[in-house]
Amino acid sequence: MEVLVRKHLIDVCNSSAECNKKALEFVTAESQSKAIRRHLDDLTPEERDLFTRAKNAKANSAPRNIDVYSYRLATGLEAVFGYNAITGREERNEELFKLLFLY
C-alpha cells in the first residue's frame, strides 16, 4: 500500500518532507481502520475472508497509540493489499486505494 500512497502523493506534494507528512494520512493504523470500517462491504468475498483471518490472527505485539481493535482492522487491510500485490492484482489494489482513501 505504501507504493500506492507514494504514487498518489507525487502529483500532490512540493517536497519530500510534505510527502512524508501527507503519507501519514494514509498509512497509520487509525486512518486504515477508519477507511475499512466505511468500506468493508466493498471487499470481494475472497478479500473479506482474508481480511477476517488476518484481523483475527494472534499478534505478538500491542499497539501504543491506538486501540487493539482498530490495530487489527488495519492489519487485516494491509493483508488484503499484500495478498493482492503478490497475486498480481495491482489493478484491484489501485481500485481499493481510490475507494478507501480518495473518496
Under the rule rounded for a/c under 1.5, else prolate if a/b exceeds b/c, else oblate, using alpha carbon gyration tensor axes a ≥ b ≥ c, the range 9-103 is classed as oblate
Taking Cα pairs closer than 8 Å and at least 6 residues apart, the relative contact order of the range 29-101 in percent is 44
Cα-Cα longer than 21 Å, checked against K22/K98; K21/K58; K22/K58, kept in input order, equals K21/K58; K22/K58
Taking 0.36 nm per residue of separation between C13 and A59 and subtracting their Cα-Cα distance, the length gained on full extension comes to 13.1 nm
Longest principal axis of the chain (C-alpha) makes with the long axis of helix 90-101 (C-alpha) an angle, in degrees to the nearest 10, of 80
Residue separation between E46 and L99 times 0.36 nm, minus their alpha-carbon distance, gives in nm 17.3 nm
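Rule-based calculations on the coordinates, nothing more; no lab input. Bear in mind that the values here come from a model prediction, so they are computed numbers and not experimental data.
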